[in-house]
Amino acid sequence: MTEEQNTRLPYRLREPFLSKTEAALFRLLTEMMGVRYVICPKVALSDLFIILRPNENVHFFNKIFRKHVDFLLCDPVTYEPSFGVEIVKPIARDGVREADKFMEDLFTDAGLPLVHIPSHEHYDPADIIALFQLAVVKMGKTSSVRVENPMETVPNCPVCGKMMVLRIHRDGADKGRKYYGCIDSPRCSGVVEIV
């Protein structure tokens with residue numbers, strides 16, 4: 001092995017980037033949606049969703065870590081997400097895979113329609129339109145809550161600007177009271193009291 005080969009990073013392009021079923025659906029969505037939506041493939045869930053009070057809800061982060069939605073359709077001007085599209089594998093018997101149920105709940109709670117499309121190598125535009133309509137109807141039956149200002153969920157440190165974590169006063173007059181302390185404590189003494 002040459003010295004150049006030894007110093008090369010151990011990464012290579014994943015091929016293919018889209019599977020045959022993903023590529024077929026991507027082509028059809030592009031044809032059908034025209035300029036109405038920007039279609040983004042394989043969007044990480046952690047780039048799409050925030051977790052309220054992440055230091056208190058770590059186990060919820062683990063549910064979306066290293067997971068993605070197959071396609072995200074966004075408004076071409078604002079890039080605001082309009083639809084999620086997930087290719088689902090057929091399952092034996094009448095039932096729902098746990099991962100598919102989680103994705104449905106996640107998107108519904110965020111107020112974003114999720115279209116489940118059965119995996120095929122060829123897709124019928126009429127079937128796809130019907131699935132989009134079904135997703136919109138489902139969303140109309142639920143109420144959702146969007147976080148208008150996600151930065152209010154966990155404050156940034158007023159001293160250094162880093163993320164803060166929930167802490168509890170261990171002694172003194174405030175013993176037992178919760179507060180936000182800088183994640184870089186003790187190097188940074190930033191504190192935000194919870195009123």
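The values are calculated or read from the model by the stated rules, or taken from the named source; none is laboratory data. What you see is a predicted model; the values in this text were computed from it and never measured. All Cβ positions, glycine included, derive from the backbone under ideal geometry; neighbour counts span all protein chains shown.
Going by the conditions given, is D47 more than 30 Å from G181 (Cβ to Cβ) and not polar (S, T, N, Q)? So that I can check it myself, show each step before the final result.
On the way: more than 30 Å from G181 (Cβ to Cβ): no; not polar (S, T, N, Q): yes.
Spelling it out, it is not the case that D47 is more than 30 Å from G181 (Cβ to Cβ) and not polar (S, T, N, Q).
Just need a number here: residues in the range 68-78 that are surrounded by fewer than 16 Cβ atoms within 10 Å (Cβ to Cβ) and in contact with a strand residue (DSSP E or B) (Cβ under 7 Å, 6 or more places away or on another chain).
So the first thing to find is which residues in the range 68-78 are surrounded by fewer than 16 Cβ atoms within 10 Å (Cβ to Cβ), and the list is 75-78.
Filter once more, so that each one left must be in contact with a strand residue (DSSP E or B) (Cβ under 7 Å, 6 or more places away or on another chain): 75-76.
Qualifying residue count for the region: 2.
Restricting the search to the range 45-69, which residues are in contact (Cβ under 8 Å) with a residue 40 or more places away in the chain and over 11 Å from the mean Cα position of the chain (by Cα)?
Passing the criteria: L52, R53, P54, N55, E56.
R36 versus (1) modelled with pLDDT under 95; (2) charged (D, E, K, R); (3) in a strand (DSSP E or B): which is the lone unmet condition?
Only one criterion in (1) modelled with pLDDT under 95; (2) charged (D, E, K, R); (3) in a strand (DSSP E or B) is unmet by R36, namely (3).
For the range 74-89, state whether one or more residues are among the β-branched types (V, I, T), farther than 22 Å from T21 by Cβ and touching a Ser or Thr at 6+ places or on another chain (Cβ under 9 Å).
Initial filter on the range 74-89 (among the β-branched types (V, I, T)): 77-78, 85, 87-88.
After this cut, where a residue has to be farther than 22 Å from T21 by Cβ as well, the list is 77-78.
Filter once more, so that each one left must be touching a Ser or Thr at 6+ places or on another chain (Cβ under 9 Å): none.
Checked against the condition, which is being among the β-branched types (V, I, T), farther than 22 Å from T21 by Cβ and touching a Ser or Thr at 6+ places or on another chain (Cβ under 9 Å), the range 74-89 yields no hits at all.
Considering (1) closer than 19 Å to K42 by Cα; (2) surrounded by 18 or more Cβ atoms within 10 Å (Cβ to Cβ), say which one A135 fails and leave the rest.
(1)
Could you please let me know if V58 is within 25 Å of T108 (Cα to Cα) and at pLDDT 90 or above? Don't jump to the end; show me each part of the working.
Working: within 25 Å of T108 (Cα to Cα): yes; at pLDDT 90 or above: no.
Spelling it out, it is not the case that V58 is within 25 Å of T108 (Cα to Cα) and at pLDDT 90 or above.
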